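Here the structure comes first, spelled out in structure tokens, and everything after it is commentary.
The values are calculated or read from the model by the stated rules, or taken from the named source; none is laboratory data. On a predicted model such as this, the values are computed, not experimentally measured, just so you know. As a convention, Cβ positions derive from the backbone with ideal geometry for all residues, glycine included, and neighbour counts pool all protein chains shown. What goes into the accessible areas is simple: the full protein's heavy atoms, side chains included, and nothing from ligands, DNA or RNA. Shrake-Rupley method; radii C 1.70, N 1.55, O 1.52, S 1.80 Å.
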Amino acid sequence: MTYTEIERQWTTRLRRRFVRLLPPEKLLPDTQPTYVSSWIYVFGVTTLAALAVVIASGCLLALRGPQWWHTSSVGHFVNSLHLWSVEIFFFAMVVHLWGKYFMAAWRGGRALTWMTGVVTFLTSIAAAFTGYVSQSNFDSQWISTQAKDGINATGAGAYFNVLNLGQMLMWHIVLLPLAAIVLTGLHVILVRVKGVVPPFEEPVKVSQ
Amino acid sequence: MSKRFRPDVDVAPWKGGHSPYDIIKEGTIALVVVGLLTLILAVVFGSPDELAITIKTWSNATPLDFAATALSELNLTSGTAQYGAPYNNASTGQQLGPLQLAKWVGARIPINTVNDFVIDPLKSLPAQPDLSTGLKQWSSASSATRSHWVSSYTKASAKMTFVNGQVTVTASDVGPLPVLINNLTEMARSGALDQALVTQAGFYTTDFTLPLLFLADGSYLASLADHQHLTGDQWGMMNETGNYPGQAWLWLYTFWYQIPPFNASGNGDVLVWGLMMALSVVLLLVPFIPGLRSIPRKTRIYRVIWREHYQSVAKE
Ligand code: HEM
């Protein structure tokens, strides 16, 4: 099979840029620098796995509509899966965040990785909050009537009405998950492009 | 042309070795473990689903609280009536220093508590002689007459009673108010008010702004929340009913509400929000903030994280 690249073409240029930025062996590497051996690395991938479970259980909840889980024990169980995967997700993400902080993992041109992480964190908080107010039960009545004062005080409440179930549900199941997924994708790609940050160099000999 | 090496910003290229690392296998294992853990937690602990309350349950549980709240919508003393933006222009609302953020945006979700909570729902009831007369009397009265009726009724309302399904206030010169308040309470106790408040926007609706604000204006919702340890001074927002972790990640946001000046200020909400936004920006910009970005290097916690690496370096 012969294959010739067409020169001076938008498509070719874009492909070359992609491949230069993230060649397959960098996207899916089979080795890592030797310093990549610590329990802390588990939390990034655990956050990613938990996000997958959150999305999958959310999709199951969506199948039969927003009232289903109030009336069906199967639905309620799916809701429990969704809740607990969210708790695991946040736990893992917060440990990941502090881990990356104490590794100063923004070093070596990785500031954007850190920043996409922070924005994902904030987006996830908003996503979880809209989930709580979309539950259509006592919790959502209380949380929404309390939270409205904070959001109204900033002026945003005029456009982001936490008492409007339809609006909150749309944000919870479409806009915010979409944002979280796109941001997470960007974050993980940035990690692959830059490689894993090396430890601080310590010139001093350590006495054990 | 050599730039100075900044230890909190730059890294030296890695000259050490590489070892096999199967990220796809790691990811698969993580997915299976998280899936199983979720399953176990869901089976063991389940999830809370405390039924939503209704205006019907509220007005049957505490009819006088309901009637007093209805009156507060008429005499404009309720939380919603005095709110300011985005519901009305009754007050400036909260301010962040000189910034009147809410007021500048304006009353974009306009609510007239007299009409939206009392008069319009009553108009939707099937005609009954005394109610129709009362509503006619109300709509043809001047606003001065209305205020006079409302204030006479309000003065006498301290002795409001609820006997045999009727709200009674002994007072004179109150126009149709006794009829209006009593009918609204009956309407609420039948469940018709719940429906009237959501259907104001037409047949299909997903907007519960009106019934939620009405509920929040009364004290029944808050008393239930208090039982469930959900109020603000009990770290409210981040909890949920039952013994569930809730939104534990809101701990810092909720924390500010427990301490001065936030818990004592009329501008508490906007102060907390302003602070949290500023802190979020700080978190976002950590890699660029001198001092903050040096803490990891100086505390040397990284030596615990990369323990194996430093041990092998030490051996060389
Ligand atoms: C949905 C949320 C998130 C997911 C799924 C996620 C996932 C990951 C994964 C899989 C890695 C590579 C493995 C590792 O180093 O642990 C990583 C690296 C990284 N993450 Fe996150 N992350 C999330 C949120 C955050 C947050 C909130 C921050 C910090 C504010 C952050 C900062 C970083 C940094 C700086 C790296 C690069 C680490 C290095 O080079 O060693 N991430 N993330």
Report task. Restrict the check to segment B:290-298 and report whether at least one residue is open to solvent by less than 50 Å² (accessible area, probe 1.4 Å), in contact (Cβ under 8 Å) with a residue 12 or more places away in the chain and either touching a Leu at 6+ places or on another chain (Cβ under 8 Å) or closer than 28 Å to B:S59 by Cα (or both). Result -> no
**Report entry** Residue count, segment A:124-144 (criterion: open to solvent by less than 20 Å² (accessible area, probe 1.4 Å), more than 7 Å from chain B (Cβ to nearest Cβ) and in a helix (DSSP H, G or I))
**Finding:** 6
**Report entry** Test for B:A264: is it under 18 Å from A:L97 (Cα atoms) and at pLDDT below 85
**Finding:** no
Requested in this report: Taking the residues in segment B:22-72 that are of a type in the set (S, T, Y) and not in a helix (DSSP H, G or I) as candidates, determine which candidate is least open to solvent (accessible area, probe 1.4 Å).
Outcome: B:S47
Query raised in the report: Considering only segment B:274-283, how many residues are open to solvent by 30 Å² or more (accessible area, probe 1.4 Å) and in contact (Cβ under 8 Å) with a residue 12 or more places away in the chain?
Result: 3
Report task. Specify the residue that is least open to solvent (accessible area, probe 1.4 Å); the eligible residues are those in segment A:145-190 that are touching a Lys or Arg at 6+ places or on another chain (Cβ under 8 Å) and assigned to a helix (DSSP H, G or I). Result -> A:G157
Query raised in the report: Which residues, taken from segment A:83-96, are out of contact with any Phe, Trp or Tyr (no Cβ under 6 Å at 6 or more places or on another chain) and open to solvent by 30 Å² or more (accessible area, probe 1.4 Å)?
Result: A:F91, A:V94
Query raised in the report: Can you name the condition, by its number, that B:A102 falls short on among (1) in a helix (DSSP H, G or I); (2) closer than 25 Å to A:I151 by Cβ; (3) free of Cβ contacts under 8 Å to residues at least 12 places away in the same chain?
Result: (3)
Query raised in the report: Taking segment A:31-42 only, how many residues are more than 6 Å from the ligand (Cβ to nearest atom) and within 17 Å of the chain's Cα centre (by Cα)?
Result: 1
Query raised in the report: Among the listed residues A:V19, A:V74, A:V53, A:V78, which satisfies the condition of being assigned to a helix (DSSP H, G or I), away from the ligand (no atom under 13 Å from the Cβ) and at the interface with chain B (Cβ under 9 Å from one of its Cβ atoms)?
Result: A:V78
Query raised in the report: Does segment B:173-190 contain at least one residue that is within 27 Å of A:L165 (Cα to Cα), away from chain A (no Cβ under 14 Å) and surrounded by fewer than 17 Cβ atoms within 10 Å (Cβ to Cβ)?
Result: yes
